[in-house]
Each structure stands twice: as C-alpha cells, then as structure tokens.
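The values are calculated or read from the model by the stated rules, or taken from the named source; none is laboratory data. Since the structure is predicted, the reported quantities are computational estimates derived from the model, not experimental observations. The accessibility values were calculated without ligands, DNA or RNA, using every heavy atom of the protein model including side chains. Shrake-Rupley method; radii C 1.70, N 1.55, O 1.52, S 1.80 Å.
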Amino acid sequence: MKFFRRNRLSRKSIKESIDNLPSGLCFFEHTGLLILCNRKMYHLAYLLMVYDLQTWYELSDALKSPQTQHVVFHLNDAFVFDDQTAWQFRVSSVRTSEGEVYTQVVASEVTEIYEKYQQLQKSRQKLDEMNIHLKNISENIRDIVREEETLS
C-alpha cells in the first residue's frame, strides 16, 4: 500500500516537479489570472516587476518595458539581470483536450549565448578598427608609390 501511494501522481507532486525545473514556467487562464507558476519564474518576475506575479497583464507589461534597476540590458525577448544572468522569455498558447486555452510563459537561461554574443561584438569591433587601419595604410601606400614614380 505504501508503495502505491509513493508512486502515485498527485497535484503536489506535479507542483514539486515544476518548481524544481531550472527554467521559469507559468500558466495563465484566459482571464489573465495566474494558475501555476514555479519558483524560478516567481523570482524572475520579481526582478522584472519588483512585486509578486499575479496576472498575465502585469507580466506582459514588464516584458515590454521593465521598470526596475535589476534589468541591466534588454534586447527583444531577452533580459540581462544585475546578477549577470541572461534570460529569454517565450509566450505561447496551450489548448487542453477540453478546448480551454491557457497562456504559457517559459523563461530559459541564455547566459552562455549572451556571453558569446558579447565576445562576437568585441571581435567585430576590433575587425572594424583593423579594417579602417588597413584602408589608411593602403591609401598611404598609394601616395608613396605615386611620389616614388614622380621622383624617378
């Protein structure tokens, strides 16, 4: 009997599993009320809004234009927070077999991708500087060759 209870799926076990995900996850009813949210998403929403998440409309507004000092950088659907982690938020609709529609928001950590993007930007900037330098050198060489031809 104990074995059966331990391996049975319950609301509590689903919530616990969702809470332990490394990504943020939440679901909203069609009215915009929050029905399920894991700890990571509560934390990320708090960083975006500086108050607890309750409705889709609050989160939607915060994703469009965060108004907190915790957001260091914002590009499209990705945010870099003051702890130097980068998170990307994706919004989608989910329909149940009964036809009910829920809004699902998933936050995925993209810190490594953001760091690679930063490195790429720095490399690109260096290449642009080198390109300008090479253009200057080629112009100087042209002038020198012309002067040498004139002298000879």
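If you roll a 1.4 Å probe over segment 73-113 with all protein chains in place, what percent of the accessible area is carbon or sulfur?
The nonpolar share, carbon plus sulfur, comes to 48 percent.
Return the calculated 222 nm mean residue ellipticity for the chain, to the nearest 500 deg cm²/dmol, obtained by summing -39500 (n - 2.57) across DSSP H runs with n ≥ 4 and dividing by the residue count.
-16000 deg cm²/dmol
Taking the alpha-carbon distance from residue 126 and a cut-off under 18 Å, which aspartates and glutamates remain once sequence neighbours fewer than 8 residues away in the same chain are dropped?
Output for residue 126: 115.
Starting from a Cα-only point model with no solvent, please compute log10 I(q)/I(0) by Debye for the chain at q = 0.18, 0.21 1/Å.
Evaluating at q = 0.18, 0.21 Å⁻¹ gives log10 I(q)/I(0) of -1.07, -1.27.
Among all the lysines, which ones have a C-alpha under 25 Å from residue 40's C-alpha, if same-chain residues fewer than 8 places away are not counted?
Within the straight-line cut-off, residue 40 pairs with 12, 15, 64, 116.
Given 0.36 nm per residue, what is the gain on full extension from residue 57 to residue 122 after removing their alpha carbon distance, in nm?
The span from residue 57 to residue 122 would gain 19.7 nm if fully extended.
Please enumerate, by chain and number, the lysines with C-alpha under 25 Å from the C-alpha of residue 122, excluding those fewer than 8 residues away in the same chain.
Straight-distance partners of residue 122: 135.
Under a 1.4 Å probe, what is the accessible area of segment 27-152 per residue, stated in Å²?
I get 72 Å² per residue for this part.
For segment 80-152 and segment 9-74, what is the separation of their C-alpha centers, rounded to whole Å?
29 Å
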